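Take a look at the structure set out below.
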Amino acid sequence: MPDGLPPGVLRPIVLHPDPVLQQRCAPAGYLTGPDLRQLAADMLATMYDAEGRGLAAPQVGLLRRLFVMDAGWKQGAAEPLVLLDPEIIARHGPLEEAEERCLSIPDRPVQVVRAARIEIRWFDLNGKVQQREMEGDAARIAQHEADHLDGRLIIDIPPLDSAGQIGTMQ
């Protein structure tokens, strides 16, 4: 767990088709101090308990731009991250299609197209700007969670067409 977080309390996960999951989130900036640290701890505890690798604030009913993730914990290389007001500033190819699961849409895996590598910027729990390049699972998880902040679910993302291009939803 990131330094200085209190013990987390499990929160119920909002399930599809709850309309809160399809709303765009407001900035997380108003969250500060102990309340923010408790929310981050709660979200991480909830994510781990549900055996997920990411969890966005709307998935616990809070429409703020915040998500937590840990791409490596299932492989024994835990690195929990708390991202406030994250912004994907660049996506780098190639596009890759892979099966994704979502804690808010249990038991419904979906083939989703994502950039193989991204650059992302966010504020940490101390209000400092962080920026990182992510690839592989970390890039996929960050893009999935960032979509949640814009009210977009894996069932809303068009698949690749027969030419390998992103298709349109029908």
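The values are calculated or read from the model by the stated rules, or taken from the named source; none is laboratory data. Remember, it's a predicted structure, so these values are computed and weren't measured experimentally. Neighbour counts run over all protein chains shown; Cβ positions are idealised from the backbone, glycine included. For accessibility, only protein heavy atoms count, side chains too; no ligands or nucleic acids. Shrake-Rupley method; radii C 1.70, N 1.55, O 1.52, S 1.80 Å.
Comparing mean-square fluctuations of A78, A45, A28 from a GNM of the chain with C-alpha springs under 10 Å, the top value falls on A78. Put a dot 7 Å past the Cα of D156, heading toward its Cβ, do the same for A98, and the two dots end up 2.2 nm apart. Computed from Cα positions, the angle between helix 136-149 and the longest principal axis of the chain comes to roughly 80 degrees.
This model, with +1 at the C-beta of Lys and Arg and -1 at the C-beta of Asp and Glu, gives the chain a dipole about its Cα centre of some 300 debye.
Using only the heavy atoms of the protein chains and a 1.4 Å probe, how would W122, W73 rank by accessible area, largest first? Spell out each step's value before the answer.
Values: W122 15, W73 70 Å².
Correct descending sequence by accessible area is W73, W122.
Normalised per residue, the accessible area of the chain is 51 Å², obtained with a 1.4 Å probe and no contribution from ligands, DNA or RNA. Only one residue of G127, L153, G76 has its Cα farthest out toward the positive end of the dipole of the stretch 37-170, where Lys and Arg carry +1 and Asp and Glu -1 on Cβ, and that residue is G127. Across the stretch 7-16, computed HN-Hα scalar couplings (Karplus, 6.51 cos²θ - 1.76 cosθ + 1.60, θ = phi - 60°) run x, x, 10, 5, 10, x, 8, 6, 10, 4 Hz from first to last residue, x flagging Gly and Pro. For the chain, modelled as a GNM whose springs connect Cα atoms under 10 angstrom apart, the maximal fluctuation among G151, G61, G76 occurs at G76.
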